[in-house]
1. Based on alpha-carbon positions alone, could you give the equivalent ellipsoid semi-axes of region 215-281 from the gyration tensor, as √(5λ), descending, whole Å?
2. If you look at just the Cα atoms of region 170-270, how large are its Rg and its Dmax in Å?
3. List, largest first, the extents of the alpha carbons of region 95-207 along their principal axes, each in whole Å.
4. Which of the lysines could a cross-linker bridge to Lys163, judged by Cα under 16 Å and excluding same-chain residues fewer than eight apart?
5. List the extent of the Cα atoms of region 167-207 along each of their three principal axes, largest first, rounded to whole Å.
6. State the volume of the convex hull built on the alpha-carbon positions of region 138-186, expressed per residue in Å³ and rounded to an integer.
7. How big is the convex hull of the Cα atoms of region 301-357, per residue, in Å³?
8. So, with +1 on the Cβ of K and R and -1 on the Cβ of D and E, and no other charges, what is the size of the charge dipole of region 408-486 about its Cα centre, to the nearest 20 debye?
Amino acid sequence: MRNETLALRRTYPISYVWPIILGIALLLAQTLAAAAQSRPDTFADLAEKVSPSVVNITTTTTVATNAQPGPIVPDGSPFEDFFRDFLDRNGPNGQAPRRSNALGSGFVISEDGFIVTNNHVIEGADEIMIEFFEGFDLEATIIGTDKNTDLALLKVDPEKPLKFVNWGDSEVARVGDWVMAMGNPLGQGFSVSAGIVSARGRALSGSYDDYIQTDAAINRGNSGGPLFNMNGDVIGVNTAILSPNGGSIGIGFAMSSRVAENVINQLREYGETRRGWLGVRIQDVTDDLAEGLGLEEARGALVTDVPEGPALEAGMEAGDVILSFDGVDVDDTRGLVRQVGNTTIGKEVRVLVFRNGETETLRVTLGRREDAENAVPASINRDDPVTREFMGLTVSNMTDELREQLGLPESAEGLVVADVTEDSEAYEEGLRAGDIISEAGQEKVTSVTELEDRIEEAREAGRKSILLLVRREGDPRFVALGLDKG
């Protein structure tokens with residue numbers, strides 16, 4: 001090391017070396033400063049900036065009392081008139097309806113008084129009061145609600161412009177980023193909590209779910225409040241918590257602004273949502289289904305039914321696998337549902353489907369989901385009753401008697417599952433007595449003979465499994481059963 005240092009000094013003059021050292025030191029200092037900036041020392045400035053735009057919400061609802069037996073008064077009793085007057089004032093049960101109050105949170109998105117909250121905060125409310133950070137109250141009216149995303153838009157009429165917050169881009173939020181939640185937890189008034197983005201893309205129960213998970217403390221009363229990024233933009237609407245005791249354990253969920261902003265814009269413009277509608281029933285593609293369909297990988301959305309609607313008009317068929325929609329690859333059903341719902345009604349989109357070993361592009365003009373009506377194909381099968389056993393299934397041709405027993409319409413066709421062997425693959429895949437098999441190998445089957453033919457064709461084609469379209473209470477799904485298993 002000593003010789004190397006001497007060599008450096010001999011090769012480069014000191015006036016050249018020192019600027020290099022200083023440059024390295026400056027770069028290191030800048031790196032450390034940037035790292036320090038990503039870890040805030042305080043949230044006070046941010047809280048002060050956005051607090052005037054966050055509101056507490058109190059709702060009042062009239063709740064009917066439980067029915068109780070009325071007083072028994074003998075006819076002609078001197079108390080008869082008294083009790084009659086009492087019942088007339090307080091209802092037939094002798095008890096007046098009571099008023100129930102509930103608490104929640106929200107945030108202002110415009111200076112003229114539009115406010116965002118959760119649907120469950122204001123659902124069924126007779127009166128909605130908004131408490132502002134500055135200390136004044138205003139009564140709100142409901143502009144529109146959406147139960148699918150649990151969002152609601154309210155409106156107040158302020159005397160002067162209100163301070164408001166802007167939507168942020170939840171798509172750029174990364175796991176580990178700092179976030180701040182505000183609201184009215186447990187009725188304690190304006191309150192701030194901070195944490196990080198714990199996960200993204202969470203789904204709880206809805207088709208359009210896209211929740212941000214955070215460990216920022218969220219409790220009852222926080223519902224409808226904003227989740228802020230460090231710029232003071234709203235990237236989520238606090239909606240739910242995962243908790244065994246009703247309190248925060250660091251697992252909270254906020255509907256992403258990517259979903260919320262679109263829904264709120266529709267509620268603001270139309271008073272209701274207007275989601276795109278493709279008109280198909282779909283299910284995810286499993287490895288077994290992919291093998292049965294001849295797909296190289298298990299992805300896309302498998303079409304199980306095509307009622308009257310845009311997809312049927314465009315030529316889509318049950319058994320098609322939707323691989324891309326409007327130029328975007330489809331990984332699963334959840335992604336497709338969200339993308340279709342966010343697409344403009346009336347737009348013509350290209351849909352790439354996989355059908356019978358080949359791809360085909362269909363042009364579909366989207367309808368409106370809220371106006372969608374399901375339709376069932378109609379034809380009557382009157383084959384003589386026949387029963388056979390296949391792959392652990394006992395199946396029978398459809399008859400009028402079976403339709404009546406199962407509560408099926410006269411148009412119902414297919415094969416009725418009479419029994420399922422409990423140690424069979426079919427039982428493991430969820431098939432049960434009463435299910436209807438309407439397709440095998442992506443072709444309709446109306447008799448056990450046709451099912452036998454489809455099974456033999458699949459074996460001759462070298463398939464390891466056969467694809468069955470099974471309906472239960474009208475809901476269709478595909479099931480792949482191994483041909484070598486009984």
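1. That gives 27, 16, 11 Å for the three semi-axes.
2. 12.8, 39
3. 50, 38, 27
4. Here the lysines satisfying the reach criterion relative to Lys163 are Lys49, Lys155.
5. 31, 25, 20
6. On the way: hull volume 8.1 nm³, N = 49.
That works out to 166 Å³ per residue.
7. Values: hull volume 4.8 nm³, N = 57.
In region 301-357, the Cα hull volume divided by residue count equals 85 Å³.
8. It comes to approximately 220 debye.
No value in this document is a laboratory result; all are computed from the given coordinates. In this text, all values refer to a predicted model and were calculated from it rather than measured experimentally. Virtual Cβ from ideal backbone geometry, glycine too; neighbours counted across all protein chains shown.
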